[in-house]
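The structure under discussion appears below in the form of structure tokens.
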Amino acid sequence: MRTMLLDPGMDLTLRPMRYPGFYERYRAAIRNTWTVEEVDLASDLADLATLEPGERHLINRLVAFFATGDSIVANNLVLNLYQHVNAPEARLYLSRQLFEEAVHVQFYLTLLDTYLPDHDERVKAFAAVEHIPSIRDKAEFCFRWIDSISELSRLETREDRRAFLLNLVCFAACIEGLFFYGAFAYVYWFRSRGLLGGLATGTNWVFRDESMHMEFAFEVVDTVRREEPDLFDDELAGRVVRMMEEAVAAELAFARDLCGDGTGGMTADNMRRYLEYVADRRLARLGLPARYGTANPFPFMEFQDVQELANFFERRVSAYQVAVEGEVAFDEAF
Ligand SMILES: [Fe+2]
Ligand SMILES: [Fe+2]
């Protein structure tokens, strides 16, 4: 008898494939391959020199968060997610996601090296997770949820599986889906003013990857709920909402640290409304009612998904074909 997705073990059987949707997500992710070398960050340096002190503070704090964010996600992926999602096609996707997180880590490493040429400033930014409270608190939120299932080597009981679902939802809805979306909003706010185009280009690709990571995780949740309908009950839903409230609070504290009294239209209060709007969207994706009922205050984020998609394909057509010709025949692999 075939197992369910969260049954312990190591299913190696790809035919007949139980979850072709996960395999399609893996293939779609491969089609999105990009490299850090394609992003020209040097063009941002002139813009950085024109920023007001408040804006410069904001951007320094933001890149300090980026310095560790994706490494934390990659760790949870290896330590928790890969182990427990028992389908080889789903594990293909997670392998690909791990590669993407590595590209993100490399992108942010390059970003910090470019934006912070001063040695001491750079060292401080990389250590932000230890000494800047608003960044440390977000990391601690993540670590708490990594630790929540680190002792579980097998999901044997109903409680084990519920704990796993909470970890999965936390990383998809609260970390990739909220902390990162908040961070991207600052980037696109600069772009809406014609600033930091290099960072925005890289962010477009990171944004697209993160949207897909989140959607994969939600599809895992959907699958588990179909297979084991009693796991995601009202009590668990209540825990998800409380977790989301905590994430919004942590990200809002970060926003207060970044924005101070507000800089050129970017204020902590606008960011609060954006985070509440995003949190409601995540809850809706999980089939839960809105917690905040707040409208999106950032018009420049409204069409981000769609616009990003268009830019991506426009830009990729030639570059991608060159890469395929020169390196490896992807079509044969499929
Ligand atoms: Fe990432
Ligand atoms: Fe991610």
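Nothing in this text is a laboratory measurement; each read-out follows from the coordinates by a stated rule. Predicted, not measured: the structure shown is a model, and the values here were computed from it. Positions of Cβ are generated from backbone atoms using ideal geometry, with glycine treated the same way; all protein chains shown enter the neighbour counts.
What to note about this one:
- Across the alpha-carbon set of segment 203-243, the Rg to Rh ratio works out to 1.14, Rh being the Kirkwood radius.
- Alpha-carbon centroids, segment 168-223 and segment 38-82: separation in whole Å: 12 Å
- The Kirkwood radius of segment 98-180, taken over pairs of alpha-carbon atoms, gives through the Stokes-Einstein law at 4 °C and 1.567 mPa s a diffusion coefficient of 87 µm² s⁻¹.
- Relative to the longest principal axis of the Cα atoms of the chain, the long axis of helix 197-227 lies at roughly 20 degrees.
- Near Leu195, once Lys and Arg are set to +1 and Asp and Glu to -1 for all other residues with Cβ below 15 Å from its Cβ, the sum equals -2.
- The chain, Cα convex hull volume normalised per residue, Å³: 137 Å³
- Each stretch of four or more DSSP H residues adds -39500 (n - 2.57); spread over every residue of the chain, this sum gives -22500 deg cm²/dmol at 222 nm.
- Equivalent-ellipsoid semi-axes of segment 231-299, from the Cα gyration tensor, Å, largest first: 26, 13, 6
- Largest-first principal axis extents of the Cα set of segment 65-145 (Å): 46, 26, 12
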